[in-house]
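Below is one structure; the comments refer to it alone.
The values are calculated or read from the model by the stated rules, or taken from the named source; none is laboratory data. Model, not experiment: these values are computed from the prediction. So basically every Cβ, Gly included, is an ideal-geometry build from the backbone, and we count neighbours across all protein chains shown. For the accessible areas, the whole protein counts, side chains as well, though only heavy atoms, and no ligand, DNA or RNA atoms are used. Shrake-Rupley method; radii C 1.70, N 1.55, O 1.52, S 1.80 Å.
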Amino acid sequence: MISDDQLIEQATAVLRGNDVEGYTKPSRRLYPHQWNWDSAFIAIGLAHVDWPRAVREIETLLSGRWTNGMIPHIRYNRAVEDYAPGPEWWPDVPVLDRRQVTSGISQPPVLPSAVYDVGMLQPDETRRRRWWAQLFLPLREFLQFFARERTVGASPLVVIVHPWESGADNSPRWDFATGRGFRPSRPYRRVDTTVVDAAARPTARDYDLYMYLVELIAAHRYDLAAYLPKTPFAVYDALFNAAWYRSALDLNRIAAALGQPPAVDAAALGAFRGAYRGMLWDEQAGLFRDFDVKGGTLIPVDTVAGLMAIYGGLADADESEKMIDAYYERSPGCLRLPSVPPDQGGFDPVKYWRGPVWVSINWMAIRGLQRLGLVSKAEDLRVQTLDLIRREGYSEYFHAHSGQGLGGNDFSWSAALTIDLLRRPEVPA
Ligand code: DGY
């Protein structure tokens, strides 16, 4: 059996292999640019083996930030041509540093939490605080951007405007919108299905909606208020909002270490928590769900996103234990955690976010369970996640039943989070 040290060595080699002068590609051919939440997770792994390189990863990501504080989901590498959609689909993006080119949407905001983790992995407190002090304002602006420009009416919950923003592109949660026949006005090309098996990727119908939304959002200069009346897709995503809340808590810990007032005050946190629990909880499902803001209804689809309140600190230990037990019960014969339970319509054990197991999701659940004191549940999941990696390598995702590695190989966040799970088996401070 591969030892832990060998596993860390291999994971480090994956990260080095995907290193492109200052950022880490999520995977060599499938995702050649810099992705937002990928880099946040990658930095956590890098911090164990090369702290300055972790710092660089985050600096590079931040170089793509916008004048309004948003950190986009892709920061493009101009030298790479073999990717679609390229920056030509995102005209006139208001990037602070005009030399940078980016996409026009964001991704689950795990970055402030990652910066907390990376900081804690620096034993020299002065160095840690100096770094946090440099990042505090951009991170606060990132969270405030969502609170200011991505909320609707009085609710503090954050609206996502594209399935790519959820990070879970083809989740059956979004079928309500893909099924409606939206198509972009221009032809587009795909590269992903030439790199990996099309059966494990989103369908043409999914992509028609993705590209339609890209055109709509760009045509309205990335201003939600302008395209809200027209878009079929404006959603309170349970995972995205849990990540926002967790990041607010972690940024407040950074603020406390710097002797600054909290980035998000107690009243705002309380209102957010109340809205999340009041709006997204589905009593019958025993799980949090996502909310279709345009339709004014909860989306009746259960997925692992509904468990992410555990990561966010939005559910207590009792609730979390019940939720995860129920999720396991309805997923017989599945490795943990299937991204969709098999009794949910739309489940597909090989298809990207429609069933396969993801290391990032497991890592979020593990850290959340640990923080709640649900130590043996967390440990079971940690051990099983590492077994999967030992057996299949650093795949992008894993077949929900067999565990077979799927999608891109040598996937950076799978490698980075493996390092973290091995080096910090227990709940970090
Ligand atoms: C994206 O750009 O976020 C998509 O997940 C690529 O497949």
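Candidates in region 380-407 are the residues that are of a type in the set (A, V, I, L, M, F, W, C) and not in a helix (DSSP H, G or I); of these, the one that is surrounded by the fewest Cβ atoms within 10 Å (Cβ to Cβ) is LEU406.
Residues in region 11-62 that are open to solvent by less than 10 Å² (accessible area, probe 1.4 Å) and either part of a strand (DSSP E or B) or among the aromatic types (Phe, Trp, Tyr) (or both): TYR23, THR24, SER27, GLN34, TRP37, PHE41.
Listed conditions (1) within 16 Å of the ligand (Cβ to nearest atom); (2) touching a residue at least 24 places away in the same chain (Cβ under 8 Å) are all met by LEU46, apart from (1).
All conditions but one from (1) open to solvent by 10 Å² or more (accessible area, probe 1.4 Å); (2) under 22 Å from TRP174 (Cα atoms); (3) among the charged types (D, E, K, R) apply to ASP290; the one that does not is (1). State whether one or more residues within region 101-112 are assigned to a helix (DSSP H, G or I), within 15 Å of VAL55 (Cβ to Cβ) and open to solvent by 10 Å² or more (accessible area, probe 1.4 Å). No - not one qualifying residue is present in region 101-112. Does region 152-165 hold any residues that are near the ligand (Cβ under 9 Å from one of its atoms) and either polar (S, T, N, Q) or out of contact with any Pro (no Cβ under 9 Å at 6 or more places or on another chain) (or both), and which are they? Once the filter is applied, which keeps residues that are near the ligand (Cβ under 9 Å from one of its atoms) and either polar (S, T, N, Q) or out of contact with any Pro (no Cβ under 9 Å at 6 or more places or on another chain) (or both), region 152-165 yields HIS162, TRP164. Filtered by the rule that a residue be closer than 18 Å to SER395 by Cβ and not β-branched (Val, Ile, Thr), region 17-31 gives GLY17, ASN18, LYS25, PRO26, SER27, ARG28, ARG29, LEU30, TYR31. Restricting region 177-190 to residues that are of a type outside the set (Lys, Arg) and surrounded by fewer than 15 Cβ atoms within 10 Å (Cβ to Cβ) leaves a set whose member that is farthest from LEU216 (Cα to Cα) is GLY179. Scanning region 291-303 for residues that are touching a residue at least 60 places away in the same chain (Cβ under 8 Å) and over 11 Å from ALA234 (Cβ atoms) returns ILE299, VAL301, THR303. Checking SER27 against (1) touching a Phe, Trp or Tyr at 6+ places or on another chain (Cβ under 7 Å); (2) at pLDDT below 95, which test does it fail? Looking at each condition in turn, SER27 falls short on (2). Just one of the numbered conditions (1) touching a helix residue (DSSP H, G or I) at 6+ places or on another chain (Cβ under 6 Å); (2) without any contact (Cβ under 8 Å) to a residue 60 or more places away in the chain is not true of LYS230: (1). Which ones in region 214-236 are in contact with a Pro (Cβ under 8 Å, 6 or more places away or on another chain) and either within 13 Å of the ligand (Cβ to nearest atom) or at negative phi (or both)? If the condition is that a residue be in contact with a Pro (Cβ under 8 Å, 6 or more places away or on another chain) and either within 13 Å of the ligand (Cβ to nearest atom) or at negative phi (or both), then VAL214, GLU215, ALA218, PHE233 are the ones that fit. Filter region 191-207 down to residues that are away from the ligand (no atom under 12 Å from the Cβ) and in a loop (DSSP other than H, G, I, E, B) and give me whichever is most open to solvent (accessible area, probe 1.4 Å). Within region 191-207, the match that is most open to solvent (accessible area, probe 1.4 Å) is ASP197.
Quick check: is even one residue across region 76-90 assigned to a loop (DSSP other than H, G, I, E, B), within 20 Å of the chain's Cα centre (by Cα) and within 21 Å of PHE145 (Cβ to Cβ)? Checking region 76-90: at least one residue is assigned to a loop (DSSP other than H, G, I, E, B), within 20 Å of the chain's Cα centre (by Cα) and within 21 Å of PHE145 (Cβ to Cβ). Within the set PRO123, PRO138, the sole residue that is open to solvent by 10 Å² or more (accessible area, probe 1.4 Å), farther than 15 Å from TYR222 by Cα and touching a Leu at 6+ places or on another chain (Cβ under 8 Å) turns out to be PRO138. Only residues that are open to solvent by less than 20 Å² (accessible area, probe 1.4 Å) and assigned to a loop (DSSP other than H, G, I, E, B) were counted across region 408-429, and they come to 2. Only a single criterion out of (1) more than 26 Å from ILE361 (Cβ to Cβ); (2) within 14 Å of the ligand (Cβ to nearest atom) is not satisfied by ASN36, namely (1).
Run down ARG129, ARG140 and say which single residue is over 21 Å from the mean Cα position of the chain (by Cα) and among the basic types (Lys, Arg). That would be ARG129, the only listed residue that is over 21 Å from the mean Cα position of the chain (by Cα) and among the basic types (Lys, Arg).
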